[in-house]
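What follows is a short report on a single structure.
The values are calculated or read from the model by the stated rules, or taken from the named source; none is laboratory data. Remember, predicted model here, so these are calculated numbers, not experimental data. Cβ: placed from backbone, ideal geometry, glycine included. Neighbour counts: every protein chain shown.
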Amino acid sequence: MLILAKAAMAMMLGFVFAILIGFVLIPFLRKIKFGQSVSLTINKRHLKKNGTPTMGGLIFIIPTILSLLFLYFRGSITFNHNLVILIFVFLAYAVLGFADDYLKIKLKNNDGLSIGTKFLCQMGIALVFFYIFMKNGGESVLRITSLDLVIPLGWTFGLLILFLLVGTTNAVNITDGLDGLAGGLSVIAFLAFGIISWNTTWMDGNQDVAIFCFILVGSLLGFLFYNTHPAKVFMGDLGSLALGGALATIAIITRHELSLALIGGVFAIEALSSLVQLVAILKFNKRIFKKAPLHHHFEEMGWEETDIVKVFWVAGLILAMLAITYGVWL
């Protein structure tokens with residue numbers, strides 16, 4: 001019962017803070033004209049969203065940090081090295097996303113930071129992650145518990161960190177194309193990882209990492225109050241990159257890297273659909289999907305935006321439940 005009480009308290013804190021911050025932030029973003037520029041290549045139904053405030057990721061990032069500080073000062077959590085890594089990656093990717101969003105707004109296009117600049121920043125984040133992780137007794141191995149395998153990786157473990165960070169952040173970013181889609185899938189993913197983290201009893205600070213997840217779930221629910229159709233605000237790259245970075249980090253520090261493929265399965269499918277489409281066009285001059293990523297394919301087929309989001313949420317929930325069953329029960 002104590003676990004449930006702590007989880008409920010964490011989610012409530014995040015939710016209340018997010019509702020309050022959203023109430024203040026959205027009018028401010030409108031006032032300073034921080035609006036999204038909608039690409040003409042997307043379904044025409046999206047044109048009415050042009051000018052909708054972006055950088056709404058602050059609605060769940062700020063409450064998460066405030067809630068953690070509140071719980072820390074009242075002695076409910078401790079800042080161990082795993083939680084420090086998680087917060088660092090969460091905020092570092094948020095800053096990277098903020099820079100990307102700001103340039104898009106300033107230049108009034110969807111270009112933002114160059115690919116090279118983004119990759120260099122992501123390498124720097126991965127290096128800091130690797131340094132703190134190894135300095136505090138982390139093992140540079142990949143564990144596949146279902147097969148009882150331990151694969152030593154040595155310095156290439158740093159490459160695995162980079163690959164998961166880059167892959168997951170881009171996947172969440174690509175998925176963030178419909179009202180409430182990425183936010184709802186993130187609620188499911190962090191709830192799953194919160195349960196897994198709480199049961200990873202051998203990990204230093206496992207309960208603190210779990211509480212981070214539950215706070216973020218509450219904050220995301222507060223964000224969805226403003227982001228579900230019709231969205232009053234978008235999370236922007238600031239939000240999607242922070243969420244992707246946090247998901248990958250939790251998977252690595254809990255040693256559930258392979259579970260990430262299930263918990264973030266819909267994110268992965270969305271990213272894969274874009275990659276397949278790109279290869280098909282460049283190599284064969286053909287389209288596999290009417291439009292990529294996958295959610296736009298369904299839009300082109302005439303599906304309503306809300307129906308696509310609901311179907312993707314259900315798929316994400318089923319995959320997350322499978323991952324919890326494997327990661328906690330079996």
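Among what's in the range 289-302 and is among the hydrophobic types (A, V, I, L, M, F, W, C) and surrounded by 14 or more Cβ atoms within 10 Å (Cβ to Cβ), pick the residue that is farthest from His229 (Cα to Cα). Checking each candidate, the answer is Phe289. The set of residues from the range 88-121 being buried (at least 19 other Cβ atoms within 10 Å of the Cβ), under 29 Å from Thr254 (Cα atoms) and in contact (Cβ under 8 Å) with a residue 60 or more places away in the chain comprises Val89, Phe90, Ala92, Tyr93, Ala94, Leu96, Gly97, Phe98. Restricting the search to the range 156-182, which residues are among the hydroxyl-bearing types (Ser, Thr, Tyr) and over 14 Å from Cys121 (Cα atoms)? Residues satisfying the conditions are Thr156, Thr168, Thr175. Among the conditions (1) surrounded by fewer than 17 Cβ atoms within 10 Å (Cβ to Cβ); (2) within 14 Å of Ala248 (Cα to Cα); (3) not aromatic (Phe, Trp, Tyr), the only one that Ser76 does not satisfy is (2). Comparison of Leu66, Leu91, Leu58 shows that the only residue that is more than 17 Å from the chain's Cα centre (by Cα) and either under 30 Å from Gly124 (Cα atoms) or among the polar types (S, T, N, Q) (or both) is Leu66. Of the residues making up the range 1-28, those that are surrounded by 12 or more Cβ atoms within 10 Å (Cβ to Cβ) and either in contact with a Phe, Trp or Tyr (Cβ under 8 Å, 6 or more places away or on another chain) or at pLDDT below 95 (or both) number 13.
When Val279 is tested against (1) over 29 Å from Asp148 (Cβ atoms); (2) part of a helix (DSSP H, G or I); (3) at pLDDT 95 or above, exactly one condition is not met: (3). The sole residue among Val172, Val141 that is under 30 Å from Gly35 (Cα atoms) and β-branched (Val, Ile, Thr) is Val172. Every condition in (1) crowded, with 17+ Cβ neighbours inside 10 Å; (2) out of contact with any Cys (no Cβ under 9 Å at 6 or more places or on another chain) is met by Gly124 except one, and the failing one is (1). Assess whether Ile195 counts as being surrounded by fewer than 22 Cβ atoms within 10 Å (Cβ to Cβ), among the β-branched types (Val, Ile, Thr), more than 13 Å from Ala182 (Cα to Cα) and touching a residue at least 12 places away in the same chain (Cβ under 8 Å). So Ile195 fits the description; yes. Quick check, is Arg287 assigned to a loop (DSSP other than H, G, I, E, B) and either among the β-branched types (Val, Ile, Thr) or under 28 Å from Gly194 (Cβ atoms) (or both)? Taking the combined requirement at face value, the residue does not satisfy it. Taking the criterion of being over 27 Å from Ile62 (Cα atoms), part of a helix (DSSP H, G or I) and touching a residue at least 40 places away in the same chain (Cβ under 8 Å), the residues of the range 243-264 that qualify are Ser259, Leu262.
Filtered by the rule that a residue be surrounded by 14 or more Cβ atoms within 10 Å (Cβ to Cβ) and either under 17 Å from Gly265 (Cα atoms) or under 27 Å from the mean Cα position of the chain (by Cα) (or both), the range 276-287 gives Val276, Gln277.
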